[in-house]
Amino acid sequence: MEKAEALKKLNEKWFTQCICELKKTATQPVPGDGNADAKVVFVGEAPGKNEDLEGRPFVGAAGKFLAEMLESIKMERKDIYITNIVKYRPPNNRDPESSEKEACAPWLYEELNLIAPKLIVFLGRHSMNDFFPELKISDAHGKLIIKKFKHITTSHFLPLYHPAAALYNGGMRETLLEDFKKISLALKKINTQ
Ligand code: URA
């Protein structure tokens, strides 16, 4: 079975199996989206209002900004896969709770292991802290981390600021643009290893 087909089946399975409490208030699940053969997977926090209505991640303002950042390194959304740690919108866009993250975690790990990208890019501290609880995004952003986890096949990680945080902050926008260049550098480095 092709990866795209396997991913579709995986998501359909989790639509019924996921026990996240946010299911009760969200309009619909927002599964990951994009290229199942991607070398890079981006992991955001949780769907917002637009994503909840459309059923696709990063379709709102943060998504448009992300597309701009991708363009700056000559990548497009069709080259990557993008998902969230939590697959349902938290009410009023509050931060997801630990129990909600835990309920969605096996879904995230399965999709990451099916795609098995060379690099996982964290968008913001929430997704980074899911894997590296000890790190601060202000120190870790733009720095490649190599670590072998038992539950994840990918061993290269790059934390970035969340595009929503940089949207209206000129300084952070520049930092994010600079950090995006590290994606291409990291891929080159991984390819020569
Ligand atoms: N922010 C996220 O973290 N995820 C989305 O899907 C949209 C906005």
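The values are calculated or read from the model by the stated rules, or taken from the named source; none is laboratory data. Just so we're clear, the structure is a prediction, and the values are computed from it rather than from any experiment. Cβ atoms come from the backbone with ideal geometry, glycine included; neighbour counts cover every protein chain shown.
Points to keep in mind about this one:
- Lone qualifier among 62, 26 - being in contact with a His (Cβ under 9 Å, 6 or more places away or on another chain), surrounded by 19 or more Cβ atoms within 10 Å (Cβ to Cβ) and of a type outside the set (Phe, Trp, Tyr): 62
- Qualifying residue in region 168-175 (condition: touching a Leu at 6+ places or on another chain (Cβ under 9 Å) and modelled with pLDDT under 95): yes
- Of 92, 35, 11, all but one fail to be surrounded by 17 or more Cβ atoms within 10 Å (Cβ to Cβ), more than 13 Å from the ligand (Cβ to nearest atom), farther than 22 Å from residue 179 by Cβ and not hydrophobic (A, V, I, L, M, F, W, C); the exception is 11.
- Filter result (within 12 Å of the ligand (Cβ to nearest atom), assigned to a helix (DSSP H, G or I) and basic (Lys, Arg)) within region 56-88: 64
- Leading residue by the ranking (nearest to the chain's Cα centre (by Cα)) among those in region 119-134 that are of a type in the set (A, V, I, L, M, F, W, C) and assigned to a helix (DSSP H, G or I): 128
- Count - residues of region 135-165 that are over 16 Å from the mean Cα position of the chain (by Cα) and of a type in the set (Gly, Ala, Ser): 2
- Members of region 42-55 that are more than 8 Å from the ligand (Cβ to nearest atom) and either buried (at least 17 other Cβ atoms within 10 Å of the Cβ) or assigned to a loop (DSSP other than H, G, I, E, B) (or both): 42, 43, 52, 55
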